[in-house]
Each structure stands twice: as structure tokens, then as C-alpha cells.
1. From the list LEU526, LEU514, pick out the single residue that is in contact (Cβ under 8 Å) with a residue 12 or more places away in the chain, closer than 16 Å to ALA405 by Cα and out of contact with any strand residue (DSSP E or B) (no Cβ under 6 Å at 6 or more places or on another chain).
2. Collect the residues in the stretch 288-321 that are closer than 26 Å to GLU243 by Cβ and among the polar types (S, T, N, Q), keeping them in residue-number order.
3. Can you pull out the residues in the stretch 323-340 that are over 24 Å from the mean Cα position of the chain (by Cα) and either closer than 14 Å to THR437 by Cα or not assigned by TED's automatic domain parsing to the domain that holds ASP475 (or both)?
4. Starting from residues that are within 24 Å of the chain's Cα centre (by Cα) and in a strand (DSSP E or B), keep the ones in the stretch 501-530 and report whichever is nearest to SER354 (Cα to Cα).
5. Of the residues in the stretch 531-562, how many are outside any strand (DSSP E or B), surrounded by 14 or more Cβ atoms within 10 Å (Cβ to Cβ) and out of contact with any Gly (no Cβ under 8 Å at 6 or more places or on another chain)?
6. Give the stretch 392-429 a look and list any residue that's surrounded by fewer than 24 Cβ atoms within 10 Å (Cβ to Cβ), touching a strand residue (DSSP E or B) at 6+ places or on another chain (Cβ under 8 Å), more than 23 Å from LYS368 (Cβ to Cβ) and not acidic (Asp, Glu), or say none.
7. Taking the residues in the stretch 639-686 that are part of a loop (DSSP other than H, G, I, E, B), touching a residue at least 40 places away in the same chain (Cβ under 8 Å) and on the phi < 0 side of the Ramachandran plot as candidates, determine which candidate is surrounded by the most Cβ atoms within 10 Å (Cβ to Cβ).
8. For the stretch 340-404, list the strands (runs of 3 or more DSSP E) that sit wholly inside it and hold at least 3 residues that are of a type in the set (Gly, Ala, Ser); which are they?
Amino acid sequence: MFSIKTEKIAWAGRTLSLETGKIARQADGAVVVRFGDTIVLCTVVFSKKIAADASFFPLTINYQERFYAAGKIPGGFLKREGKPSDREVLISRLIDRPIRPLFPSGFLNEVQIVCTVLSYSANDSPEIAAMIGASAALGISGIPFLGPIAACKVGYTKDDGYILNPTQASDLDLVVAGTRNGILMVESEACELPEDIMLEAVMFGFRSFQPVLDMIENLAKKAGKPRLQVVPFEEEYRETLKEIENFSIQKIRNTLRIRDKLERSECLEKAKDELFDEFGEKHAKVIIDSLFEHLLAREMRETLLQTRERIDGRKLDQIRSISCEIDFLPKVHGSALFTRGETQAIVVSTLGSSSDEQIIDDIVGDRKERFMLHYNFPPYATGETGRIGAPGRREIGHGKLAWRALNPILPSKDSFPYSVRIVSDVTGSNGSSSMATVCGASLSMMAAGIPLKAPVAGIAVGLIKSDSDYIVLSDIMGDEDHLGDMDFKVAGTEDGITALQMDIKIPSISEEILRVALDQARVGRLHILGVMQKTISRARNELNENAPRTHTLIIGKDKIRDLIGTGGKTIKEICERTKAKIDIDDNGVVSIFSPDKARVEEALQSVKTVCCPPDIGSVFTGRVTKITDFGAFVSIGSKEGLVHISNIANLKVSSVASVLHYGQEVRVKVIGIDEKDRIKLSMKDV
């Protein structure tokens, strides 16, 4: 017989409750989280056997939003939820990142966590509920999880200070997660906030989620299953580790002195092959591989802590050499090639009209996004072969991080009515290609003439920590990321931070380490900005010659129908004739786009002709709609004017039909408007 257990607290002005024992009883752990009016079902199931070839911890997180949770029916042909949206992928990663470091090294059983949004309220964050629910479900499942973790959102304004789980937009959108002992994960977008405000925001969040940890622990005491006992990997294979160490340790030390990445990788692979040849008959390849990685990480970390010298010979806070190039692609709107060490990205900016905005349909609500950033990481970037297809979770996550870094410094739609798409193709990678994307995108947009508020640069900072010591590394390489304890990415302008993302591989880090990392990241960011500004320091005054030109005007709401015409006839005719793109919003704002400035002017005159009396002296391209003995009627937009026979040409015209014919395209000038609003046109005055 199942018994229902619950925990409930008041938190951030709402009720947060956890319930288990009622729904999804066959899962190893299942918790229903209610935060305000948002409800999320979080389940955990783990395989009771380890796969024979398991070489890593197979953890899968699936966050999924049901449209019924918001009282909606999905758009599209199928009318059902399909592949995960970018939002679902990003939240799945958000749940994964603070949880993954908290499983013991000897636990390789497959684990799947599924978080399903059953009821959605815009004011009550489902991602925070899902992170809390996943932690609670793990806590009662019997899995050897070193949690619990908790999470919250933090906002900030100058007037209100720090806000826990804000319901309205502010100068900061920050998610922080951690354990009782410290911080595990941070994700944020900010409006150029200084380091001290960002640090205090993180610590404010850490203090604020402590009551949530209490309630998760209380639920685990009531409903938790006995935890599976796991022997740490290094202890289980202690004797094998000694054998491998005696055989390979000197080769590992020699290899870690090689500064070139590809040469170092080749030597490591050769050392592994020799190890397999020696011990392959005694031990499984998976075991040899894992123990070799353990020795490699230990040796790299100990060497760094003792000598303070990095693999490539740099100082702890030294940035690799940087080169910036713009305008190297002749037919695009804006291009940049950003290279930092062995990491490189081609970043291209493309401008479009409001009809090019991305339409998003999810439980948050139908909306359009005018700024898009797409990040691609082909296998050749690391000298490997691999599948090329739809973007994976990592590519979506890195692209969104770069998007957050740049979004706060974009011009408003009122002042810059373009949609903007950035594409970053990573062509080389040895550490922090997402931050190279931020730098390249900033250069590319300024080269295109997009009036950014300020240039943005990004840097990744790492950590090596022992029981008694730690060092912070600026501009980390791939090996330092893979074998180290932290990947801390900071992006911003000279005035402050616009995006921050932190992931760690140890149970937690302290406020002191965070402060040192932020300070070191600031120095590095300013250095990179200085290098970038030698290439281009601000947006160009003119748009790139390949970019579309635009003109915006406001018409009366009562004129919108006239401009569109019956069945869209009028606006279609203008677009077809001028080859321009015209967008109209509900407030009467008309935006005209075309790569050709003359086409924009022609379309603008046509719109003005439809919506307001034409100015005397205006010139139009129109079509002859009627021939008479005394002249020809010519359409200009939705209106017609008369070209009198005397105004057709400088020479005397004896017959209108001998000069003009129906449907002929002619250039005309407005020379008068009589008291009955009849338009007088002239061909000879053009």
C-alpha cells in the first residue's frame, strides 16, 4: 500500500510543496512539485545493472512541457508535441548541470530523469520547480546521490535591490543552484552589471534556497529508500591503478610538457595504445581507459598546483594570442573571423525585416524573436570525423549563452527596425568557442553597421582545487576544462557583465573562489576588448552596402485597410512593382525594406500616395489605366491622376493613343491637386 508524503513551505511569496506516493508509483523516485500555480511531475528511474562496456556515467535529463499545461493546443499540422523545443533543451541542460557532479565515481548505472510540466503559470517558474523536483526525486530513489541541491531565480533593480524569483523583468535574470556547502551552477543575463552586484546576487540566491534544502531533506527522511552502496572507482581498482601508474606515469609527464594540442593528443593516444598492448588481456579496455584518465587528471592538477605553470607555458592569468578580421566575406551583411589561440570562429550577421523574425509557439505564449544566434560546431573543428545534422544540446546551449551576452546591448526595435540573425561556424576549438562566438558576433555586427551600445567580449576561466589550495586559470584550454574543476564563462562590455555561466565538477565552490574568478575574468575581458577595438571600436555609421535599406513611417490606423486593399491587392501591387518588402503593424507603423535605396524611395512614395495626399513635385512610376482624347489616366498606388495631352511630351502630341497604351509603365510627376482632390500629373516635367 502506497502512502502519500508531503512537505510544504512559504517561499518567495508563494507556496512551494513536494508530494510523493500518489503519482508515478513504479518509478524509483517520483515527486510532484507545486510552486504557486505551476505543477511539475519529476521522476527518476535507474538501471539496476551496469552495462558491461560502461565507460562514463549515463545520465539523461528530459524536461518536457505539455501544451495543455497552459490551456493551449499546439500549432502546426500534427497538433501534438514533437521533438524538444530549444526552450526544453535549455532547461534540460539547466537541470543536468548542478546534478551531474554529485554522483560518486563508481556509480555507472544508467539514470533517466523526466520532468513534465502539468500546469503552467507565467509567474511561477517551471524550470525552478523542475530542478527542485529532480533533486527531491533523486533523494528518495535510493540512488547514491550526494545532494540535495536547490535552485532559485534572482532579479535586480536599483530601486528594489535583489528580488527572489521575480515575476517581472529586471536588470538581471539569474539562475543559481547549489548544495548546503556552496554554489554548483550559475546562468544569467544582465544589463552591464558590475562584478560586485553579480557576486552578491549569486550569494543572495544561495542564502535564499536554504529552506528548500531543508524541505527536500525532510521528505527524504519520510519517504526515502535505502541508498545503494558504491565503492569509489579508484578504490575498487587500486591494484590495477598501481600497475598502470608504474607503466605510464613517466609517459604522461612527458606528454604534458608538449605545448601543441594536436601533438600532445597524438602522444596521449600512443601512450594509451601501448597500455592496451601491455594490459589488454588482463583488464577490460573500459577499465584501462578510465584509470589512465584518472592518472592524467591527477598529474596535470598536481603539476599546476606545485609549479603554477600551465601546459602551454602561460601564466595563470595570461590570455592567448588574439587576431581579429572583418569584412572578409564580400557578399554578406557583416563578417568577422575571430581567432584566440587554437580556437577560431567565422561569425556572420544578416539583417532582415520584421517578417523574418522567428515565430515561437510554446506554453509561454506565441511570440516573435527579432534577434537570433545560431552556433555550429562541426567535427573538423577538433580534427575529428563525426555526424553532421541537426544541432545538438551543446550547440543549442552555447548559442543561447552567446545570445544572452549580446541581447542586452542591441538597439531597440524603434530605433533599428531590423531583425538580426547571427551564425557562428566554429572552425577550430581548444577551449571556449562560445566566448569566441561572442567576440566574433560583436565584431561582425559592428562591421555590418548595427548600432550596438558597446562592444562585447567573453572569456572562460577555470579552476584547479585541492583540499588546501586552489588556482584560477584565465582563458582555459580544452584539457584544462576537461581535467579541471570549473568552467566559468563571463561576457560583457567595459562597463559591466551581460552574461555569466558557471559549471563545476566538484561538490561546490566558495564565495572567495567566485570573487577571485570574477576579478580575473574582468581583467581578461578588458584585455580582449582592447585587442578587438584595434580592428573596430564601434559600429559603422552606414549599413553595409549589401544590407537592406529601410524607411519607417506612421500612418493612421484608419488607413491600414486602404494600404492593404481588398484581399491584400494594394500592398501586393506595390511590393511587386517596387520589389520592396513592406511590413505593417497594428499601430500603423509601416516599415519598407529593400537592398536598393531607390526602390525604398519608390515604395515610400506609393505608400504615401495611398495613405495621404501626394506632395506636389513627387515623382512616381505608374501604369496607364485609361486612354482618352484629352489625356491618359495613370495609377499611382491606389489612386489615379490625369496626364493631360499637353503634359505628355515637350513636343506637340496629336493623339494620346499614338504615344501611350493601356498598361504601359510611365514616370509621372504630381503638378497639382484641385479642390476635389483630383490629381494632375505630368510626364514631360519628370
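1. Of the residues listed, the single one that is in contact (Cβ under 8 Å) with a residue 12 or more places away in the chain, closer than 16 Å to ALA405 by Cα and out of contact with any strand residue (DSSP E or B) (no Cβ under 6 Å at 6 or more places or on another chain) is LEU526.
2. SER290, THR303, GLN306
3. Hit for the stretch 323-340 is SER323, nothing else.
4. So the residue we want is GLN501.
5. 7
6. Within the stretch 392-429, THR427, GLY428, SER429 qualify.
7. In this case the residue turns out to be MET683.
8. Here the list reads 343-352.
The values are calculated or read from the model by the stated rules, or taken from the named source; none is laboratory data. As the structure is a prediction and not an experimental result, all values here were calculated from the model. Glycine gets a Cβ as well: all are built from the backbone with ideal geometry, and neighbour counts include every protein chain shown.
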